[in-house]
Amino acid sequence: MFRTGPVEPKATVMVVDDEAAVRRVLVMRLQLAGYRVICAEDGEEALSLFHQEQPDLVVLDVMLPKLDGFAVCRRLRAESCVPIIFLSALDAIAERVSGLDLGADDYLPKPFSPKELEARIATILRRVGRGSASTELREVQSGSGVLRVGDLVVDTNRRQVTRDGERIGLTYTEFSLLELLFREPGRVVPRAEILEQLWGYPPRRAADLRVVDVYVARLRGKLEPDPRNPELILTVRGTGYASQRMAESGLAANA
């Protein structure tokens, strides 16, 4: 039996780049992959279009007219946890760290393979699902429950973290990192494993692993009372990171 009528796109991706050739290639490739694609040529247009369309993911060039990609990312992060992938002709580690430090989910240097970008988009959207542009995290009916450590409460059903009743704002990538590290408390998780599980690609060079370090630092900054002397997420020098133990809600009292 043949299906008739339009097929619903998998997700809406906003491409922000001032190079027309880049936009044309990405629109063609992403539409063939099943995505609905919208485009902006500069930072101001990107913010306006974002508010109109509420895309599921943003592909964002760093060097943009009117408002650069870092400024756009900063504005988006003030109101949304939409996944953001940076594109940049500047492959310096400092540039990559700056972008990730603002809350971007990934960073791809130019020139890049459209196929690799497609793979990274698919990996992120598999993890976060549709509708991630909203500031409110989606309600999820299934999950492993509530975890506690001291005054920190991690609700894996709603993907929320609170301290003393106050919600701590985490992006999807930050929460996924937290979940991965505390999935097996005390186990050392290599940085390469974190990169592959969260970002979907193996490290090809040392700079790739810097993505993990930046995100661990961001997570510590939000969760640790003293990020310079972490107690929840510990560094295992030369290998990766390990979490302190958390007790399941309802079992903690007898632990």
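Straight-distance candidates among the lysines for linking to K10, with alpha-carbon spacing under 28 Å and chain neighbours fewer than 8 residues away dropped: K110, K115. Across the range 190-195, coupling constants 3J(HN,Hα) worked out from phi with the 6.51/-1.76/1.60 Karplus curve, θ = phi - 60°, read x, 4, 5, 5, 4, 4 Hz, and Gly and Pro carry x.
Taking amide hydrogens as placed 1.01 Å from N in the peptide plane, the amide H of L87 sits under 5 Å from those of L60, D61, V62, L108, each at least 5 positions away in sequence or on another chain.
Could you give the length gained on full extension between D101 and Q244, defined as 0.36 nm per residue of separation minus the Cα-Cα distance, in nm?
Working: separation 143, 0.36 × 143 = 51.48 nm, distance 2.40 nm.
Full extension of this stretch gives 49.1 nm more.
The distance between label points at N229 and A33 comes to 4.5 nm (points 7 Å beyond Cα on the Cα→Cβ vector).
Per 0.36 nm of contour for each residue apart, how much would the distance between R74 and I168 grow if the chain were fully extended, relative to their Cα-Cα spacing? Don't jump to the answer; show the numbers that get you there.
On the way: separation 94, 0.36 × 94 = 33.84 nm, distance 1.76 nm.
Taking 0.36 nm per residue and subtracting the Cα distance, the gain is 32.1 nm.
Residues K10, K110 ordered from highest to lowest accessible area at a 1.4 Å probe: K10, K110.
What is the extension gain from A207 to L67, computed as 0.36 nm multiplied by their sequence separation minus the C-alpha to C-alpha distance, in nm to one decimal?
On the way: separation 140, 0.36 × 140 = 50.40 nm, distance 2.68 nm.
Taking 0.36 nm per residue and subtracting the Cα distance, the gain is 47.7 nm.
The values are calculated or read from the model by the stated rules, or taken from the named source; none is laboratory data. All of these numbers come straight from a predicted model, not from anything done at the bench. Using ideal geometry, Cβ is built from the backbone for each residue, glycine included, and neighbour counts are taken over all protein chains shown. All accessible areas refer to the heavy atoms of the entire protein, side chains included, with ligands and DNA or RNA removed. Shrake-Rupley method; radii C 1.70, N 1.55, O 1.52, S 1.80 Å.
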